[in-house]
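The values are calculated or read from the model by the stated rules, or taken from the named source; none is laboratory data. Everything numeric here is computed off the predicted structure, so don't read it as measured data. Every residue, glycine as well, gets a Cβ built from its backbone with ideal geometry; the counts of neighbours run over all protein chains shown.
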Amino acid sequence: MLIVHVNVKVKPEFAEAFAQASAENARRSVKEPGIARFDVIQRQDDPARFVLVEVYRTEQDPARHKETAHYKKWREAVEPMMAEPRASLKFSNIFPEDARW
């Protein structure tokens, strides 16, 4: 399992639009066989900051995800909303050991 946290800062005036576009992308993403979970979370103290929590079944699944029409639509829609480039961190699952999302 591969867990990716994508940190995003958008221009404040785009916070709601980004949230909506990202939620729609997440709804479609969780239907992909390689995605176990896909959360969109927003900071309470800074609504222009988000984290996308993406849980993939294999190391190859992020590349497959980036080839989907819904990801490409999301990327194109949110690119002008960004206040700074997205940054991602990759994690491995420790507990629960048998997570099967």
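A quick yes/no check of all residues on (1) touching a Ser or Thr at 6+ places or on another chain (Cβ under 8 Å); (2) at pLDDT 95 or above; (3) under 14 Å from I3 (Cβ atoms):
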| site | (1), (2), (3) |
| --- | --- |
| V30 | no, yes, no |
| G34 | yes, yes, yes |
| V53 | no, yes, yes |
| H65 | yes, yes, yes |
| R86 | no, yes, no |
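Scanning segment 1-47 for residues that are touching a Lys or Arg at 6+ places or on another chain (Cβ under 6 Å) and among the aliphatic types (A, V, I, L, M) yields a count of 4.
Filtered by the rule that a residue be in a helix (DSSP H, G or I) and surrounded by fewer than 15 Cβ atoms within 10 Å (Cβ to Cβ), segment 74-91 gives R75, E76, E79, P80. Within segment 28-47, at least one residue is touching a residue at least 60 places away in the same chain (Cβ under 8 Å) and over 26 Å from F14 (Cβ atoms).
Looking across segment 8-50, the residues that are surrounded by 15 or more Cβ atoms within 10 Å (Cβ to Cβ), in a strand (DSSP E or B) and of a type outside the set (F, W, Y) come down to V8, K9, V10, I35, A36, R37, V40, Q42, R49. If I filter segment 65-73 for residues that are without any contact (Cβ under 8 Å) to a residue 40 or more places away in the chain, outside any loop (DSSP other than H, G, I, E, B) and surrounded by 10 or more Cβ atoms within 10 Å (Cβ to Cβ), do I get at least one hit? Taking every residue of segment 65-73 in turn, at least one turns out to be without any contact (Cβ under 8 Å) to a residue 40 or more places away in the chain, outside any loop (DSSP other than H, G, I, E, B) and surrounded by 10 or more Cβ atoms within 10 Å (Cβ to Cβ).
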